[in-house]
Every structure is written in structure tokens, then in C-alpha cells.
Amino acid sequence: MSAEAEILGANAVRLGLHAAGKREAIDQCGRLLLELGAVEEPYLPAMHEREVAVSTYLGEGVAIPHGTDEARQYVRRTALGFLQFPDGVDWDGEQVQLCITIAADGDAHMSLLVALATILQDPGQANELRTATDPATVLALLAPTNKEMSA
């Protein structure tokens with residue numbers, strides 16, 4: 001398995017989700033990271049602490065929920081999760097359709113996030129991610145991102 005697949009694989013893509021609000025969406029992000037074996041349980045409340053300290057909303061309907069710097073001790077491995085909320089989630093007055101959740105034990109995820117930001121700036125590609133109906137579509141759209149990581 002390549003490093004890219006370990007950081008974002010099909011098992012980390014969740015589509016068609018619903019959340020009553022930001023808190024529930026962050027909970028879903030944390031549970032996904034836990035399920036992937038990327039974090040230990042204490043990482044989850046640290047994701048809410050991060051959100052209180054600094055909003056993880058990026059703009060264009062995207063948030064990147066992650067834990068505090070202090071919570072890195074609970075990260076077992078670097079991983080990303082992709083959670084799609086087609087109906088949107090209220091994020092302090094903004095609507096979030098995509099949560100890219102992060103567990104990072106170093107800087108390996110940074111090039112992936114930079115490339116993701118580039119993809120999301122393309123309205124067509126961003127819309128495809130927001131409306132994708134299968135993980136393969138998401139991974140295909142993010143394939144250039146994964147190639148940049150291994151470069």
C-alpha cells in the first residue's frame with residue numbers, strides 16, 4: 001500500500017452524510033479518524049477545543065476539523081478523512097458541505113492540503129467533490145493531490 005493510500009483511502013471517504021450542526025459534524029469526523037485507527041479516543045474532544053480556539057472553516061463550503069497541537073500525542077498515524085454533507089451543515093453562519101478531517105503526526109499532510117485547496121479553487125472540481133456519489137470519484141478527483149505528495 002502506498003503512502004498516499006494510507007493517508008486517504010476509499011475507507012476514509014464518507015458520502016451523503018447528515019449532521020444537525022457543527023458539533024455533530026465534528027463528532028462524525030472524530031469517529032471516522034478513530035475507526036481508521038489514526039487516533040486514540042482523547043483526540044476527539046481536542047477537535048472541539050481546536051474549533052473553539054480557531055474556526056476550521058476554510059471557505060467555499062469546506063472545513064478541516066482537527067485536534068489541537070497538544071493532542072498530537074494521541075495521533076497513531078497521519079490520515080485524512082473526507083466527509084460530504086450534501087445538504088450542508090451550519091458552521092457559525094456558513095454552510096459546510098465538505099469536511100476534510102486531519103490526524104497528523106508530522107507535516108506529511110500539508111502537501112495534500114495545499115493541493116486540495118488548489119482543486120477546491122476550481123469551481124467545477126469543487127462541485128464534483130460536493131456532489132460525488134461514490135468514493136472512487138472522490139479519489140480520482142484527488143489523484144493529482146496524491147501524486148504531488150509522492151513527488
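Solvent-accessible area per residue in the chain equals 48 Å², computed with a 1.4 angstrom probe and all protein chains kept. Restricting segment 52-110 to trypsin sites (Lys or Arg not before Pro) that sit in a DSSP loop and have at most 16 other Cβ atoms within 10 Å of their own Cβ leaves R76, R77. The label point for E40 and the one for M110, both projected 7 Å from the Cα toward the Cβ, are 2.6 nm apart. Of the residues M110, M47, the one with the largest accessible area comes first in the ranking M110, M47, computed with a 1.4 Å probe on protein heavy atoms.
What is the percent of Cα-Cα separations in segment 29-126 that go past 22 Å? Of all Cα-Cα pairs in segment 29-126, 26 percent lie more than 22 Å apart. Extension gain, A140 to A53, is 27.9 nm, computed as 0.36 nm per intervening residue step minus the present C-alpha separation. Residue ranking by accessible heavy-atom surface, 1.4 Å probe, largest first, among Y57, Y43 comes out as Y57, Y43.
Fully extending the segment from E70 to Q121, taken as 0.36 nm per residue of separation minus the present Cα-Cα distance, adds 15.3 nm. In sequence order, segment 54-68 has phi-based couplings of 8, 4, 9, 6, 9, x, 6, x, 10, 10, 10, x, 7, x, 6 Hz under the Karplus curve 6.51 cos²θ - 1.76 cosθ + 1.60, θ = phi - 60°, and Gly or Pro positions carry x. Once all protein chains are placed together, H66 keeps about 50 Å² accessible to a 1.4 angstrom probe. Estimated at the nearest 10 Å², the accessible area of T133 is 120 Å² with a 1.4 Å probe. Rolling a 1.4 Å probe over the protein chains gives L139 an accessible area of about 40 Å².
The values are calculated or read from the model by the stated rules, or taken from the named source; none is laboratory data. Computed from a predicted model, the values in this text were never measured in an experiment. Backbone-built Cβ (ideal geometry, glycine too); neighbour counts: all protein chains shown. Remember, those area values only see protein heavy atoms, side chains included, never the ligands or the DNA or RNA. Shrake-Rupley method; radii C 1.70, N 1.55, O 1.52, S 1.80 Å.
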